[in-house]
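The values are calculated or read from the model by the stated rules, or taken from the named source; none is laboratory data. Here the structure is a predicted model, which means the values were calculated and not measured. Reconstructed Cβ throughout: ideal geometry from the backbone, glycine too, with neighbour counts over all protein chains shown. To get the accessible areas, we keep the full protein, side chains included, count just its heavy atoms, and leave off ligands, DNA and RNA. Shrake-Rupley method; radii C 1.70, N 1.55, O 1.52, S 1.80 Å.
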Amino acid sequence: SAGRWAVMVDPPLPNAGDAEGGSEVNQVHCFRQCLNAGLALHGLSTNADAFLPVSIDGAYCALRGDTTGSASGSSGGNVLRNRMLFEGSAAISLALETSTLFYRLRCCQPSSGPSNSSGGARRSRIGIQSGFYQGYSGNTGYDDSNNEPYATAPSLTYHEFLACARPSSDRRRSILELDALLRPISYSSAATGGGGLGGLASGGVDVASLLTGNAGGVSSSVLDSLRSAGLIAGGNNTLGELQKRMERGTSIGRMRMEQQRQQYRPRGRRSSPRQNELGGWLEDISTNSLGGGGLVSSLSGNSTPFGRRADHHHFALSTSLRPAASDVQASFSVPNPGGNGASSAFLRPMMEGMGVKYRPEVSLGAVVKDTVVDLTGIGSYWRSIFTNRTSPPVIPPASSPSDISRHQQEKRKPSPKEVASHSPILSVLGNSTRSYPRLSAISRGFVDAVHSHRNMGYFSRDVMAGIIPEKDDCEDALEYCQEVMDVYEPPMGSGLVLGEGENNDLNAYFDD
């Protein structure tokens, strides 16, 4: 058979007021919840080649940018919970659709003509760093003149994709995790006077394009100085924000910095050094307070980041991208080593960020040209998903209607299409020790449900009623869950292993 990939979706967390109903009712609910979590982990992970838990709450926070988890509070009632279920499900579907591009791409060779912005650039590219799949040598058969340091392929089969997600070092390592970037990183500063929304689509003016036109007559050297000073944006030689983040610390990023130093050296200008962390965009956005540059948010129920991604051991790591429409347009304005187009501009930084920084046993990368606007068409369903939900602007009293109109133009919300055109869908599917907190919590709850004295009566009653399996079967499932937890234990010396630090209770690991 081709294999099985199981995805378990956690429902939205209940509100604080929903738990009121008597102490015994709550205790029975907690007992069954912990028992079902352990049985589900055992059943799904043993009967599937890969098991991916995802969370509605995590997906909603990733879509709306709420990193504090306040969206699951009790202040919204059923309306907020329904909105979280609706929008969180859409966010999960976007992330899963992008993460499965590897085996859903058509196996067709790109055009033999040169890459150009009029359609010659390939629609998708896949990079592979794995001993399992030997792919193509460099980019043989493609229209690039430069070979990449990793293997490539037009697509993978479903079996090959699952084999890369579950490395052969230990077949019990089948627990996956999903992180994603589903929001705009920034909007074009040319839209509404620097910091406005919508970019050129909202009626903004690309100052650099006007200055380089026939009417402007401004030299390119002057434009470069204005761009480097942050006075203008757009025009030629302007990278998209996502491409800038992904190129930091890579060979392409260092090459561009060297070109800038060579360009400004005759003028006596010295470029200020920056701390460019390779692969920093793969870190959780919640860790940016520690000085990181993470872009993704967890969709697998990790409410708090379990250390930095660089502190963990990675068995497999795959990243797939549907770039924003604005990034696709910007990718043609700057020459890239792999050729023009978004698929060539993003793949090499993506592969270097995964392979060099985090050193997984298997790493995959995929970039497609089609954006989320091309995918969905921004119909009635997706218009509600990409709606900017910031509070409406308050118009101050004005002496004339023109002041009100000007204020509305400056403070207006971006349209759903403008939000979608600036929203990349970056999906990171990993198999690493970052799953340890979830597995540990499930194992501890399973132990409490099976062995706790206060739950013995509930356990016996449910067994006699045929609701849950016999105790021997539950014991076998519990043993498996604890083995999986040990397999995903973080590396020693990382400070993440229970009992390793001086503030951790060493006996807590051997409670049961």
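Values for this structure:
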{"item": "Pairs with Cβ under 6 Å, 6+ apart, first in the range 160-183 and closer than 14 Å to T100 by Cα and small (G, A, S), second open to solvent by less than 10 Å² (accessible area, probe 1.4 Å) and in a helix (DSSP H, G or I)", "result": "A180/A62; A180/A95"}
{"item": "Restricting the range 86-137 to residues that are under 22 Å from E361 (Cβ atoms) and part of a loop (DSSP other than H, G, I, E, B), the residue that is modelled with the highest pLDDT", "result": "T100"}
{"item": "Residue that is in contact with a Gly (Cβ under 9 Å, 6 or more places away or on another chain), open to solvent by less than 70 Å² (accessible area, probe 1.4 Å) and at pLDDT 70 or above, where the choices are M246, M257", "result": "M246"}
{"item": "Positions within the range 384-402 being modelled with pLDDT of 90 or more and either of a type in the set (D, E, K, R) or part of a loop (DSSP other than H, G, I, E, B) (or both), in sequence order", "result": "F386"}
{"item": "Matching residues, the range 431-448, being open to solvent by less than 10 Å² (accessible area, probe 1.4 Å) and touching a Lys or Arg at 6+ places or on another chain (Cβ under 8 Å)", "result": "N431, S432"}
{"item": "Count of residues meeting criterion [touching a residue at least 60 places away in the same chain (Cβ under 8 Å) and open to solvent by less than 30 Å² (accessible area, probe 1.4 Å)] in the range 365-382", "result": "5"}
{"item": "Verdict on D512 being modelled with pLDDT under 70 and open to solvent by 70 Å² or more (accessible area, probe 1.4 Å)", "result": "yes"}
{"item": "Qualifying helices (runs of 4 or more DSSP H) (wholly inside the range 297-383; at least 1 residues being of a type in the set (V, I, T) and modelled with pLDDT under 90)", "result": "325-331, 342-358"}
{"item": "Answer residue from the range 60-83, given it is among the small types (G, A, S), modelled with pLDDT of 50 or more and outside any loop (DSSP other than H, G, I, E, B) and is least open to solvent (accessible area, probe 1.4 Å) among those", "result": "A62"}
